[in-house]
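Below is one structure; the comments refer to it alone.
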Amino acid sequence: ARAQIGVTGLSVMGRNLARNLARNGFTVALHNRSVERTRSLMAEHGDEGDFVPSESMEEFVASLTRPRAVIVMVKAGAATDAVIEELTGLLEPGDIVIDCGNTHYTDTIRREKDLAAKGLHFVGTGVSGGEEGALNGPSIMPGGSVEAYRTLGPIFEKIAAQVDGVPCAVHVGPDGAGHFVKMVHNGIEYADMQLIAESYDLLRSGLGVSPGHIAAIFREWNRGELESFLIEITADVLSHEDRSTGKPFIDVVADRAEQKGTGRWTVQSALDLGIPITGIAEATFARSLSGHVDQRQAAQRTFEGRAGDVDPAGVVEDPKQFVEDVRNALYASKIVAYAQGFDHIQAGSEEYGWDIDRGAMATIWRGGCIIRARFLDRIRAAYEETPGLESLLVAPYFADAVAAGVESWRRVIAAAVRAGIPTPTFSSSLAYLDALRRPRLPAALIQCLRDDFGAHTYQRVDREGTFHTLWAGDMSEQRVDK
Ligand code: 6PG
């Protein structure tokens, strides 16, 4: 046995991870259910490093040095369970199974427990960066035991993206912590993309300019604090022309956004934990809405000419100022989305006892992953300065950025509302900020109503205790013990 790490499941992500490992000097055992994939990897890239191909799981396991470390890169769900089952029959105590798929963290918690009972380590690992990242340096978010990370850390840190000499890989926390953080990463990715899409829609309708023109605006934005991978590729996409029709490419693509589920999982988990991740939720629902084609067509017909909206061009007085306003609104909304995502990570960490370092998460997202962005450095710095920060929004840098952009933000939303351009994520993010900073919320009325119709009780601002008013009786107030 001589391979230091193995990869089973050699479709594009597994294949690229294996090549990345080999290119970084590790001896990599290869396995795939159908041997053709293993053979084609060897034929096409066998010279990139030291690979040990095998044609059976037994041979694969036997080719690994101990403790054996096996990356499983198959479809999340039943396929992962099947491979784990096959593997565990062959592994020995102390060996490590690494799941690099987009797995739900509760599955990871379950598997970690099952494998720990057999003396095996199970490391649910979030990997971001798509195909390109897997090959050239992804962002890696491993959960599992500290002991397993002792073996895997040097490998992961070597193959991960590096920013300022710091690897984009760190031990996130026990069992499901890595997959939880990857899930929230994807939720933030949804919000980020929806905000960019809303910005594009506003610019296109408000300015009445071509996608190519908007691409130039995004390119310009990418030189400032918005600098990020997603803004960069937005400019690329918007400047692309369709080969067959010559039209802007964006205009020939069906306007129905799909999803594989990680955004939905993020929202579901946030609902359970009671964390208002409104930006991510709106972004996820915006994708669902786009897919309801029949309803969209019916509404289009029904409200034609009678929805009270004005010509978008009419809401833009000063095009230059409008572009600046959209930029500011985008940045402020983005800060809200990240603030909410990091709150969600904190809540998960507390619920499951993971002790996740939020600053470290911002650090490993600076490179390799889909949401890599310049401003993640600011998030890292904010948590370094104040580890128990109540919200990213109140960290001085972000508070100043939001305050500086808030007038633009209000102008853009007001214009969008008048012109009938939907900006759910812009709008809900501003509503979140306004709600957070409001001295009194109408939640008091909700409490009264609940108490009225269901005796659900309430607390008072001037006295300790829990109370109920006899709304249907003499309106007297009783103190109740809860
Ligand atoms: C990443 C991406 C990756 C994948 C998303 C796409 O971090 O590399 O997030 O995981 O592209 O899962 O998700 P949707 O299909 O739900 O948009």
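Test residue 373 against the criterion of being of a type in the set (A, V, I, L, M) and out of contact with any strand residue (DSSP E or B) (no Cβ under 8 Å at 6 or more places or on another chain), and give yes or no.
For residue 373, the condition - of a type in the set (A, V, I, L, M) and out of contact with any strand residue (DSSP E or B) (no Cβ under 8 Å at 6 or more places or on another chain) - is not met.
From the list 298, 313, 339, exactly one residue is in contact with a Phe, Trp or Tyr (Cβ under 9 Å, 6 or more places away or on another chain), of a type in the set (A, V, I, L, M, F, W, C) and more than 16 Å from the ligand (Cβ to nearest atom). Which is it?
On the way: 298 fails: in contact with a Phe, Trp or Tyr (Cβ under 9 Å, 6 or more places away or on another chain); 313 fails: in contact with a Phe, Trp or Tyr (Cβ under 9 Å, 6 or more places away or on another chain).
After ruling out the rest, the residue left standing is 339.
Failed condition for residue 244, given (1) touching a residue at least 12 places away in the same chain (Cβ under 8 Å); (2) assigned to a loop (DSSP other than H, G, I, E, B), with all others met?
Here residue 244 meets the rest and fails (1).
Restricting to segment 149-174, give me the number of residues that are more than 16 Å from the ligand (Cβ to nearest atom), open to solvent by 10 Å² or more (accessible area, probe 1.4 Å) and in contact with a strand residue (DSSP E or B) (Cβ under 7 Å, 6 or more places away or on another chain).
The total comes to 5.
Take the residues in segment 403-422 that are open to solvent by less than 10 Å² (accessible area, probe 1.4 Å) and either at pLDDT below 95 or not small (Gly, Ala, Ser) (or both), then tell me which one is nearest to residue 290 (Cα to Cα).
The residue in question is 412.
If you take just the strands (runs of 3 or more DSSP E) that sit entirely in segment 1-80, which of them hold at least 2 residues that are over 25 Å from residue 119 (Cβ atoms), aliphatic (A, V, I, L, M) and open to solvent by less than 10 Å² (accessible area, probe 1.4 Å)? Please lay out each step first, then the result.
On the way: elements: 5-8, 28-31, 51-53, 69-72.
Result: empty, no element qualifies.
What tally of residues in segment 201-211 results from selecting those that are open to solvent by less than 40 Å² (accessible area, probe 1.4 Å) and without any contact (Cβ under 8 Å) to a residue 40 or more places away in the chain?
1
Residues of segment 81-138 being open to solvent by 50 Å² or more (accessible area, probe 1.4 Å) and within 16 Å of the ligand (Cβ to nearest atom), which ones?
Pass one, segment 81-138, residues open to solvent by 50 Å² or more (accessible area, probe 1.4 Å): 81-82, 85-86, 89-90, 92-93, 102, 106, 110, 113-114, 116-118, 131-132, 136.
Scanning segment 81-138 gives 102, 131, 132, 136.
In segment 374-396, what count of residues is obtained for those that are open to solvent by less than 70 Å² (accessible area, probe 1.4 Å) and part of a helix (DSSP H, G or I)? Outline the logic, then answer.
Going residue by residue through segment 374-396, those that are open to solvent by less than 70 Å² (accessible area, probe 1.4 Å) are 375-377, 379-383, 386, 388-389, 391-393, 395.
So of that shortlist, the ones also part of a helix (DSSP H, G or I) come out as 376-377, 379-383, 392-393.
Residues in segment 374-396 being open to solvent by less than 70 Å² (accessible area, probe 1.4 Å) and part of a helix (DSSP H, G or I): 9 in total.
Take the residues of segment 247-270 that are open to solvent by 80 Å² or more (accessible area, probe 1.4 Å) and without any contact (Cβ under 8 Å) to a residue 12 or more places away in the chain: which is farthest from the ligand (Cβ to nearest atom)?
Quick first cut of segment 247-270, residues open to solvent by 80 Å² or more (accessible area, probe 1.4 Å) only: 247, 255-256, 258, 260, 264, 268.
Still in the running and without any contact (Cβ under 8 Å) to a residue 12 or more places away in the chain: 247, 268.
Numbers: 247: 24, 268: 14 Å.
Restricting to residues being open to solvent by 80 Å² or more (accessible area, probe 1.4 Å) and without any contact (Cβ under 8 Å) to a residue 12 or more places away in the chain, the top hit is 247.
Check 258, 232, 282 and return the single one that is of a type in the set (D, E, K, R) and in a loop (DSSP other than H, G, I, E, B). Reasoning before the result, please.
Values: 232 fails: in a loop (DSSP other than H, G, I, E, B); 282 fails: in a loop (DSSP other than H, G, I, E, B).
Checking each option against the conditions leaves just 258.
For residue 219, state whether it is buried (at least 19 other Cβ atoms within 10 Å of the Cβ), more than 16 Å from the ligand (Cβ to nearest atom), at pLDDT 95 or above and assigned to a helix (DSSP H, G or I). Working first, answer last.
Numbers: buried (at least 19 other Cβ atoms within 10 Å of the Cβ): no; more than 16 Å from the ligand (Cβ to nearest atom): yes; at pLDDT 95 or above: yes; assigned to a helix (DSSP H, G or I): yes.
Considered against the rule, which asks whether it is buried (at least 19 other Cβ atoms within 10 Å of the Cβ), more than 16 Å from the ligand (Cβ to nearest atom), at pLDDT 95 or above and assigned to a helix (DSSP H, G or I), residue 219 comes out as no.
Looking at residue 291, is it within 12 Å of the ligand (Cβ to nearest atom), out of contact with any strand residue (DSSP E or B) (no Cβ under 7 Å at 6 or more places or on another chain) and among the small types (Gly, Ala, Ser)?
Working: within 12 Å of the ligand (Cβ to nearest atom): no; out of contact with any strand residue (DSSP E or B) (no Cβ under 7 Å at 6 or more places or on another chain): yes; among the small types (Gly, Ala, Ser): yes.
It is false that residue 291 is within 12 Å of the ligand (Cβ to nearest atom), out of contact with any strand residue (DSSP E or B) (no Cβ under 7 Å at 6 or more places or on another chain) and among the small types (Gly, Ala, Ser).
Looking for something in contact (Cβ under 8 Å) with a residue 40 or more places away in the chain and at positive phi - is there at least one such residue anywhere in segment 82-101?
no
If we keep just the residues of segment 276-297 that are surrounded by fewer than 20 Cβ atoms within 10 Å (Cβ to Cβ) and touching a residue at least 60 places away in the same chain (Cβ under 8 Å), which is nearest to residue 196 (Cα to Cα)?
Initially, segment 276-297 is screened for residues surrounded by fewer than 20 Cβ atoms within 10 Å (Cβ to Cβ), giving 276, 285, 287-297.
Next cut, touching a residue at least 60 places away in the same chain (Cβ under 8 Å) only: 276, 285, 287.
Numbers: 276: 21, 285: 15, 287: 13 Å.
Here the answer is 287.
Criterion first (within 16 Å of the ligand (Cβ to nearest atom), outside any helix (DSSP H, G or I) and in contact with a Gly (Cβ under 7 Å, 6 or more places away or on another chain)) does residue 181 satisfy it? Break it down stepwise before answering.
On the way: within 16 Å of the ligand (Cβ to nearest atom): yes; outside any helix (DSSP H, G or I): no; in contact with a Gly (Cβ under 7 Å, 6 or more places away or on another chain): yes.
No; evaluated as a whole, the condition is false for this residue.
Would a scan of segment 337-358 turn up a residue that is modelled with pLDDT of 95 or more, of a type in the set (Ser, Thr, Tyr) and under 15 Å from the mean Cα position of the chain (by Cα)? First the steps, then the outcome.
Quick first cut of segment 337-358, residues modelled with pLDDT of 95 or more only: 337-358.
Going one step further and asking which of them are of a type in the set (Ser, Thr, Tyr), we end up with 338, 349, 352.
From what's left, under 15 Å from the mean Cα position of the chain (by Cα): 338.
There is at least one residue in segment 337-358 that is modelled with pLDDT of 95 or more, of a type in the set (Ser, Thr, Tyr) and under 15 Å from the mean Cα position of the chain (by Cα).
For the subset of segment 356-381 comprising residues that are more than 14 Å from residue 127 (Cβ to Cβ) and aliphatic (A, V, I, L, M), which member is farthest from the ligand (Cβ to nearest atom)?
381
So, in segment 436-482, of the ones that are within 23 Å of residue 276 (Cβ to Cβ) and aliphatic (A, V, I, L, M), which residue ends up surrounded by the most Cβ atoms within 10 Å (Cβ to Cβ)?
The extreme case among them is 436.
The values are calculated or read from the model by the stated rules, or taken from the named source; none is laboratory data. Every value quoted in this text rests on a predicted model; they were computed, and no experiment measured them. All Cβ positions, glycine included, derive from the backbone under ideal geometry; neighbour counts span all protein chains shown. Surface areas here come from the heavy atoms of the whole protein model, side chains and all, with no ligands, DNA or RNA. Shrake-Rupley method; radii C 1.70, N 1.55, O 1.52, S 1.80 Å.
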